[in-house]
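A.B. asks: Please find one structure pasted underneath; my questions will follow.
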Amino acid sequence: MDLGGGYAGRMLRVQRFVGGCGVAAGLFADHVAAGRFGPTDPANPLIVMTGPLCGTSLPAVARFTVSSRSPLTGLWGESNVGGYFGAELKFAGLDGIVIVGRAAAPAYLFVHDGGAELEPAGDLWGKDAYEVCDLLAARHRCDTKPAQVFTIGPAGERGALYAAIVNRKHHVAGRTGMGTVMGSKNLKAVVVSGRAAVPIADKRLFEEVKKRVLQKMRDSIVIESLREAGTLAVMDPGILMGDVPIKNWQVGEWDAGYEALCSTSYGNRLQVGRKTCFACPVVCKREVEVTEGRFKVARGAGPEYETVASRGMLCFNSDLEAVARASELANRYGLDTITLGATIAFAMECFEHGLITTEQTGGLDLTWGNAETIVRCVELTGEQEGFGKLLGLGSARMADAIGRGAHDFLACVRKLEAPMHDPRAAHGMGLAYATGPRGACHVSSLNMALEHGMNSYPEIGLDGPFEERSSQGKARLTKLAQDLGQVALTSASVCQHAASAFGASDLRDMLDAVTGVGWTLPELMECGERIWMLKRALSHALGSTGADDRLTRRMLTALSSGGASGSVPDMELMLGEYYELRGLDRSGRPTRETLDRLGLADLAGIMEEPR
Amino acid sequence: MAYFADTEALYKCLGTLFDRVAQDGEIGPKLGAAGMVIRFVYTEPDAQITVDTKSKVEKEGFHFTNTYGPCDLVPDVLMTMKGDVGHTFWLGKVNLINALTRRQIVAEGPIPKILKLLPIIKPTYKLYPEILKELGLANLII
Ligand code: SF4
């Protein structure tokens with residue numbers, strides 16, 4: 001197939017699915033159609049996929065996705081990550097890698113210009129992700145530059161259900177347990193190294209659009225805030241609007257916590273440097289160091305907003321240094337920070353109500369905010385020892401194991417723990433969580449940018465402003481925000497942060513300049529709709545139904561204080577409107593006409609017989 | 001109809017609030033530590049309030065200095081908005097990010113530093129309605 005640029009040129013379906021996660025879902029569907037497999041079966045494909053923009057010098061497009069059947073949810077799983085690995089994969093001449101089977105002994109995959117070898121990894125097995133990043137980057141150099149390493153830590157080897165994959169210490173593909181799938185294949189790491197450049201179809205348009213989006217980024221207060229405060233920038237306004245969940249989603253305000261965990265405190269007490277992803281001028285990553293006190297942290301990757309919120313606010317823990325230590329450990333062990341923090345908070349509530357006792361915890365005191373315990377929980381989960389085995393199941397499966405009303409404390413959708421953005425503060429986000437193809441997800445739709453007032457997309461009819469704590473009109477907003485998100489964020493793999501400065505037509509022009517495909521905006525929106533529907537069909541094929549399009553009781557209980565007090569999303573209203581807009585039947589299943597319209601008729605068969 | 005009939009009405013409401021905050025034992029010292037000069041320029045009605053958390057404080061019991069009307073200090077941050085936007089902001093009814101991106105509030109200077117002050121000023125959203133009640137202006141609470 002002759003493609004103008006952006007792609008390595010060996011894939012056939014990019015025009016229907018754009019790239020990244022869209023193409024990965026298309027490939028995954030073939031495997032699902034071919035036979036049944038469980039998440040840790042050798043036949044479960046682990047698909048690492050970049051989008052066409054990755055590896056170019058456009059800003060904030062370094063992200064890529066990892067997809068597979070999720071061990072945590074049992075459904076379609078995907079994780080989106082930045083860093084340098086995706087760009088290096090393009091330099092090695094590949095758009096993506098599909099990994100099936102299981103190595104007889106621990107191995108790592110070395111991919112380089114025009115070749116790939118499976119190398120023994122016996123000496124790496126058991127090592128943490130930071131050590132492996134250093135060792136393999138030094139072992140495989142390309143001219144003067146080190147290779148890029150994408151590795152699991154001990155958690156992925158030992159079967160924690162939400163193990164992550166780590167690139168260059170700062171960049172973690174955490175959600176839905178893709179590291180667990182990698183570990184089940186006896187694959188410790190993938191190392192890439194290459195010299196090729198990504199071809200650009202229209203160099204003049206490329207320079208023009210690059211200049212335009214860079215200027216928009218310079219003018220954006222959101223980007224300015226991210227540059228200044230890292231992802232913690234969302235904590236400060238989030239506190240006001242009630243976006244930050246506290247004490248396992250039970251409390252609306254906690255002034256002492258805000259003070260200890262806000263961006264100023266982080267800047268003063270932890271931060272020693274800043275880092276970025278490939279070719280990104282935002283530089284939102286933070287380097288931290290703690291040299292004194294109970295929780296020392298070696299200079300390195302600092303906790304992001306999701307970690308500070310989940311290990312701090314959610315666990316009612318105001319010890320910022322403990323959060324940083326717990327973050328370093330989670331990265332080293334290779335664990336998803338959101339599920340980990342949410343599961344510890346859930347366990348703390350179970351402990352408060354006597355559903356878990358010190359007998360099960362091995363003597364650990366899970367009292368709210370116990371900083372020592374939080375750090376110890378991360379270690380036990382990473383090692384998969386003692387109480388860590390229970391924590392390693394994630395909160396939903398842990399609730400199944402505990403019973404006795406523990407489900408009332410959950411905040412998840414399709415067994416995936418909700419990120420640290422409260423849908424009571426932005427109702428459309430609740431709908432995006434409920435209908436997220438992988439479960440509760442804030443990075444595959446543009447709801448947050450729209451409802452938090454960071455951006456608007458008038459070219460696709462999303463002009464705003466939108467009343468955050470209202471459910472009116474949110475079905476339409478969410479459908480469009482998801483369709484654009486499926487193209488921009490998960491498939492073209494534009495960074496969500498940067499997307500708050502870009503317009504929809506900027507995205508179209510970026511894709512046009514790089515690929516030369518010439519998509520119109522309506523065509524791209526249809527691609528987004530198709531990708532969402534494909535993932536929906538996949539989740540149906542793997543056992544999910546419309547009955548799972550629900551927020552838990554905890555997330556639908558009004559708070560009595562804070563920015564979101566008294567506010568609860570009207571899920572009935574939003575879901576009814578949403579199903580109609582999406583072309584789903586009343587049970588939430590894609591109709592035959594919808595699949596036909598989107599060119600997905602072949603999926604009807606695999607949905608008939610859940611696997 | 002605008003919330004503030006004239007400049008005097010604006011100073012009466014927002015001025016009372018700003019002075020109360022400057023004397024508040026909790027919020028005052030935290031804002032006072034910000035080390036910035038912030039100027040609010042209002043239109044409809046025209047008014048100007050300069051909050052100086054940088055210079056030595058002269059007034060007893062105050063943690064920083066507010067100046068109402070023209071002022072020679074060079075601001076680090078300049079925020080321009082209509083009087084109505086200012087009023088609703090201090091009632092906690094304005095999404096600051098939204099207002100900034102839509103230029104209902106036009107800001108010059110290091111915006112992230114302002115956003116960082118949000119958690120500190122949060123208690124003022126409860127204080128302002130109380131002040132309006134004290135001033136016999138409960139009708140302005142929305
Ligand atoms: S904004 Fe931050 S996360 Fe996004 S690409 Fe840039 S440095 Fe990476």
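A.B. asks: For the stretch A:465-487, how many residues are more than 18 Å from residue A:583 (Cβ to Cβ) and surrounded by fewer than 17 Cβ atoms within 10 Å (Cβ to Cβ)?
C.D. replies: The total comes to 5.
A.B. asks: Can you tell me which condition residue A:227 does not meet? The list is (1) within 16 Å of the ligand (Cβ to nearest atom); (2) at pLDDT 95 or above; (3) not acidic (Asp, Glu), and all the others hold.
C.D. replies: (2)
A.B. asks: Restricting to the stretch A:420-461, name every residue that is crowded, with 24+ Cβ neighbours inside 10 Å and β-branched (Val, Ile, Thr).
C.D. replies: Within the stretch A:420-461, just A:435 meets the criteria.
A.B. asks: Sort through A:587, A:560, A:565 and tell me the only one that's assigned to a loop (DSSP other than H, G, I, E, B), within 14 Å of chain B (Cβ to nearest Cβ) and either open to solvent by 10 Å² or more (accessible area, probe 1.4 Å) or away from the ligand (no atom under 16 Å from the Cβ) (or both).
C.D. replies: Matching residue, one of A:587, A:560, A:565: A:565.
A.B. asks: Of everything in the stretch A:200-230, what is open to solvent by 60 Å² or more (accessible area, probe 1.4 Å), within 30 Å of residue A:515 (Cβ to Cβ) and more than 22 Å from the chain's Cα centre (by Cα)? Give them in sequence order.
C.D. replies: A:203, A:204, A:207, A:208, A:211, A:212, A:215, A:216, A:218, A:219
A.B. asks: Against the condition touching a residue at least 60 places away in the same chain (Cβ under 8 Å) and more than 16 Å from the ligand (Cβ to nearest atom), how does residue A:242 come out, does it pass?
C.D. replies: yes
A.B. asks: Continuing with this model, one more query. From A:62, A:43, A:105, A:87, which residue is part of a loop (DSSP other than H, G, I, E, B) and either within 16 Å of the ligand (Cβ to nearest atom) or open to solvent by less than 10 Å² (accessible area, probe 1.4 Å) (or both)?
C.D. replies: Selected residue: A:62, the only one of A:62, A:43, A:105, A:87 that is part of a loop (DSSP other than H, G, I, E, B) and either within 16 Å of the ligand (Cβ to nearest atom) or open to solvent by less than 10 Å² (accessible area, probe 1.4 Å) (or both).
A.B. asks: Hey, another quick one. Of these, A:48, A:98, which one is open to solvent by 20 Å² or more (accessible area, probe 1.4 Å), away from the ligand (no atom under 16 Å from the Cβ), away from chain B (no Cβ under 14 Å) and under 20 Å from the mean Cα position of the chain (by Cα)?
C.D. replies: Going through A:48, A:98 in turn, the sole match is A:98.
A.B. asks: Within the stretch A:209-224, take every residue that is under 13 Å from residue B:100 (Cβ atoms) and either assigned to a helix (DSSP H, G or I) or in contact with a Lys or Arg (Cβ under 6 Å, 6 or more places away or on another chain) (or both) and give me the one that is nearest to the ligand (Cβ to nearest atom).
C.D. replies: Per the stated criteria, the residue is A:223.
A.B. asks: Restricting attention to the stretch A:277-333, which residues are more than 14 Å from chain B (Cβ to nearest Cβ), part of a helix (DSSP H, G or I) and within 16 Å of the ligand (Cβ to nearest atom)?
C.D. replies: A:306, A:307, A:327, A:331
A.B. asks: Looking for something touching a helix residue (DSSP H, G or I) at 6+ places or on another chain (Cβ under 8 Å), farther than 17 Å from residue A:561 by Cα, open to solvent by 10 Å² or more (accessible area, probe 1.4 Å) and not hydrophobic (A, V, I, L, M, F, W, C) - is there at least one such residue anywhere in the stretch A:231-246?
C.D. replies: yes
A.B. asks: Within the stretch B:118-128, restricting attention to residues that are more than 9 Å from every other protein chain (Cβ to nearest Cβ) and more than 14 Å from residue B:86 (Cβ to Cβ), which residue is most open to solvent (accessible area, probe 1.4 Å)?
C.D. replies: B:126
A.B. asks: So, one more: What single numbered condition from (1) in the same structural domain as residue A:306 (by TED's automatic domain parsing); (2) touching a strand residue (DSSP E or B) at 6+ places or on another chain (Cβ under 9 Å) fails to hold for residue A:404?
C.D. replies: Among (1) in the same structural domain as residue A:306 (by TED's automatic domain parsing); (2) touching a strand residue (DSSP E or B) at 6+ places or on another chain (Cβ under 9 Å), the lone unmet condition for residue A:404 is (2).
A.B. asks: Right, something else. For the condition among the hydrophobic types (A, V, I, L, M, F, W, C), away from every other protein chain (no Cβ under 14 Å) and in contact (Cβ under 8 Å) with a residue 12 or more places away in the chain, what is the one hit in B:73, B:96, B:91, B:115?
C.D. replies: Just one listed residue meets the conditions, B:73.
A.B. asks: List every residue pair whose Cβ atoms sit under 8 Å apart, with the two residues 6 or more apart in sequence or on different chains, where the first one lies in the stretch B:6-24 and is more than 13 Å from residue B:69 (Cα to Cα) and the second, anywhere, is among the polar types (S, T, N, Q) and not in a helix (DSSP H, G or I).
C.D. replies: B:18/B:66; B:19/B:66; B:22/B:65; B:22/B:66
A.B. asks: Can you spot a residue in the stretch B:33-43 that is under 19 Å from residue B:123 (Cα atoms) and either free of Cβ contacts under 8 Å to residues at least 12 places away in the same chain or surrounded by fewer than 20 Cβ atoms within 10 Å (Cβ to Cβ) (or both)?
C.D. replies: There is at least one residue in the stretch B:33-43 that is under 19 Å from residue B:123 (Cα atoms) and either free of Cβ contacts under 8 Å to residues at least 12 places away in the same chain or surrounded by fewer than 20 Cβ atoms within 10 Å (Cβ to Cβ) (or both).
A.B. asks: Hey, another quick one. Looking at A:309, A:326, which is the one that is surrounded by 21 or more Cβ atoms within 10 Å (Cβ to Cβ), under 30 Å from residue A:88 (Cα atoms) and outside the structural domain of residue A:86 (by TED's automatic domain parsing)?
C.D. replies: A:326
A.B. asks: Name the pairs: first residue in the stretch A:546-564 and assigned by TED's automatic domain parsing to the domain that holds residue A:433, second residue surrounded by 15 or more Cβ atoms within 10 Å (Cβ to Cβ) and acidic (Asp, Glu), Cβ to Cβ under 8 Å, at least 6 apart or on different chains?
C.D. replies: Taking only residues 6 or more apart or on different chains, the pairs are A:555/A:422; A:561/A:253; A:562/A:253; A:563/A:243; A:564/A:243; A:564/A:422.
A.B. asks: From the list A:220, A:193, pick out the single residue that is at the interface with chain B (Cβ under 10 Å from one of its Cβ atoms) and among the polar types (S, T, N, Q).
C.D. replies: Residue meeting the stated conditions: A:220.
A.B. asks: Here's another thing I want to ask about it. Could you check how many residues of the stretch A:229-253 are more than 10 Å from chain B (Cβ to nearest Cβ), within 14 Å of residue A:308 (Cα to Cα) and out of contact with any Asp or Glu (no Cβ under 6 Å at 6 or more places or on another chain)?
C.D. replies: So the count comes out to 4.
A.B. asks: Tell me which residues, restricted to the stretch B:99-117, are loosely packed, with under 15 Cβ neighbours inside 10 Å and within 15 Å of the chain's Cα centre (by Cα).
C.D. replies: If the condition is that a residue be loosely packed, with under 15 Cβ neighbours inside 10 Å and within 15 Å of the chain's Cα centre (by Cα), then B:106 is the only one that fits.
A.B. asks: Consider the stretch B:44-89. How many of its residues are farther than 15 Å from residue B:34 by Cβ, touching a Gly at 6+ places or on another chain (Cβ under 7 Å) and charged (D, E, K, R)?
C.D. replies: 1
A.B. asks: With the condition being within 16 Å of the ligand (Cβ to nearest atom), I'd like the helices (runs of 4 or more DSSP H) fully within the stretch A:408-523 carrying at least 2 qualifying residues.
C.D. replies: So the answer is A:447-451, A:496-499, A:504-515.
A.B. asks: A further question on this structure: Just one of (1) within 12 Å of chain A (Cβ to nearest Cβ); (2) under 18 Å from residue B:4 (Cβ atoms); (3) among the small types (Gly, Ala, Ser) trips up residue B:83, so point out which.
C.D. replies: (1)
A.B. asks: Which residues, counting only those in the stretch A:258-272, are within 16 Å of the ligand (Cβ to nearest atom) and either out of contact with any Asp or Glu (no Cβ under 8 Å at 6 or more places or on another chain) or on the phi > 0 side of the Ramachandran plot (or both)?
C.D. replies: The answer is A:266, and nothing else.
The values are calculated or read from the model by the stated rules, or taken from the named source; none is laboratory data. Not measured: the values here are computed from a predicted model. Glycine also receives a Cβ, built like all others from the backbone with ideal geometry; neighbour counts cover every protein chain displayed. Heavy atoms of the whole protein, side chains included, go into the accessibility calculation; ligands, DNA and RNA do not. Shrake-Rupley method; radii C 1.70, N 1.55, O 1.52, S 1.80 Å.
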